[in-house]
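The values are calculated or read from the model by the stated rules, or taken from the named source; none is laboratory data. Keep in mind it's a predicted model, so treat the numbers as computed, not measured. With ideal geometry, Cβ positions are generated from the backbone for all residues, glycine too; neighbour counts draw on all protein chains shown. With ligands, DNA and RNA removed, areas are computed over all heavy atoms of the protein, side chains included. Shrake-Rupley method; radii C 1.70, N 1.55, O 1.52, S 1.80 Å.
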Amino acid sequence: MVRFLKQGKTKDEMKQADHQVSQTVSGILSDIENRGDAAVRELSAKFDKWEPETFRLSTEDIKAMISSVPETTLEDIKFAQAQIRRFAEAQRAALRDLEIETLPGVTLGHKNIPVNSVGCYIPGGRYPMVASAHMSVLTAKVAGVQRVIACTPPIQGEIPAATVAAMALAGADEIYILGGVQAVAAMALGTESIAPVDMIVGPGNAFVAEAKRQLYGRVGIDLLAGPTEILVIADDSADAEMVACDLLGQSEHGPTSPAVLITTSEQLAKETLVEIDRQLETLETADVAGKAWADNGAIILVDSIEEAVIEADKLAYEHVEVLTKNPRYFLEHLTNYGALFLGPETNVAYGDKVIGTNHTLPTKGAARYTGGLWVGKFIKTCTYQECTPQASAYIGEYAARLCDLENFAGHREQALLRVRRYGKVTAVSQ
């Protein structure tokens, strides 16, 4: 039996908020499409108080930013990028071109072709999301994307030097200091000064995610990522300090970030509620994390780990931490999640920043049908076919009859033309 010890906002309340975001984003996209750079500049001034002569950083600007970053920070960035590159390269190696002869003379295959151009959004605002540069720019480059551009917003009127350094070290071909919906729209739609891209990737707030949703089809997207979500699955072997710490650690992303505990232990659930209140008294980001927990936090009591699996799959959350006696049980049985963190020795912060897996992950139930960002998201698997004359005449007879079955006369004639032309060649050769 499932019981809620605490619940967040209702679906109706969240739906109303989503509707307001959708209307705002629609207006911004229309404005940028109609007025290009002028609209982008006005929006940047309005939302970020930022309107430089050009949003694009020059090579000299980038070098100056890198040189301003402490050497220890640069080494940390390089370490993180080495882990992400290592895993991404292993993933790329798993994607192989294919060619097979399915019948005598019939050759079918596929090629893995990188997207030509990608725009990466690296969030900023309250937090300089340095890690998002590794996750998007670097992964696209490992995939073989030729042109990778990246946008990040200014922070309190300043260029985030560490983020720029990470973008450059990851291999970005163009770097723009531009944030929010205006950045995503400029990359996707193009303006007088920014050539459009074929695909937009990267996490962001609700407005950025909605912009990607509305632009999908005109450009490709990785997935709808944001606001961030965390689910902790725990039994009586877990301790409340760790559970509370890990829930609040993700809640600090923003006031709309859901955080949920599913547990078989009522004692742990109650202790977690007390511990969250205690930790909020000293957490530096308590203003954000506390509101997120109050509005979107939930604790669900279940009778068994089997029931925990069912409830977790219903949620289909972005991050799922497993703090149980046998964490790998959930690796074997869960089907809907963005990324799994198995056991108390790992946590979402590792995945977000450094361990090597990608932190751009599905939210709002999208884990039911997609995984997160990875090398394969930047690659199109395109098929091809080739026939010998004899094989064409052979296949053509089947194709003609199947086309006729569906009343496709033009399709049938394509097949019969080959039967007539290459059937004769085959007969002569025999």
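If you line up the long axis of helix 71-94 against the longest principal axis of the chain, both from Cα atoms, how many degrees apart are they, to the nearest 10?
So the inclination is approximately 30 degrees.
For segment 218-267 and segment 309-384, what is the centre-to-centre distance using only Cα atoms, to the nearest Å?
Each part reduced to its Cα centre gives a spacing of 12 Å.
Packing-wise, with mean Cβ within 10 Å as the measure, how do 386-397, 105-116 rank, highest first?
So the peptides 386-397, 105-116, ranked by packing, come out 386-397, 105-116.
Given a 1.4 angstrom probe, what's the average accessible area per residue across segment 326-396, in square angstrom?
Here the per-residue accessible area is 51 Å².
Which residue, MET135, GLY109, PHE87, has the largest displacement toward the positive end of the dipole of segment 68-159 when charges sit on each Cβ (Lys, Arg +1; Asp, Glu -1)?
GLY109
I'd like the FRET efficiency for GLU89 and THR24, computed as 1/(1 + (r/R0)^6) with the beta carbon distance as r and R0 of 30 Å, rounded to 0.05.
Here the calculated transfer efficiency is 0.15.
For the chain, find the longest principal axis of its Cα atoms and tell me its angle to the long axis of helix 59-68, 0 to 90°, nearest 10.
40 degrees
Rounding to the nearest 20 debye, state how big the charge dipole of the chain is about its Cα centre with +1 on each Lys and Arg Cβ and -1 on each Asp and Glu Cβ.
With only Lys, Arg, Asp and Glu charged at Cβ, the dipole is about 1860 debye.
Work through the residues other than ARG41 whose Cβ is under 14 Å from its Cβ and net out their charges, Lys, Arg +1 and Asp, Glu -1.
Here the charged neighbours net out to -3.
Do you know the relative contact order of segment 98-142, to the nearest whole percent, from alpha carbon pairs under 8 angstrom that are 6+ apart?
Here the relative contact order equals 23 percent.
In segment 62-160, what percent of the accessible surface is made up of carbon and sulfur (1.4 Å probe, ligands and nucleic acids excluded)?
Carbon and sulfur together cover 56 percent of it.
With the other protein chains left in place, how much accessible area per residue, in square angstrom, belongs to segment 55-173 at a 1.4 angstrom probe?
The answer is 46 Å² per residue.
Only bridges with both residues in segment 104-236 count here: give the DSSP antiparallel percent, nearest 5.
Counting only bridges with both partners in segment 104-236, antiparallel ones make up about 5 percent.
Order the peptides 189-200, 271-282 from the highest to the lowest mean number of other Cβ atoms within 10 Å of their residues.
Final packing ranking: 189-200, 271-282.
By average Cβ neighbour count within 10 Å, what is the ranking of 36-45, 287-296 from highest down?
Highest-to-lowest ranking by the protection proxy: 287-296, 36-45.
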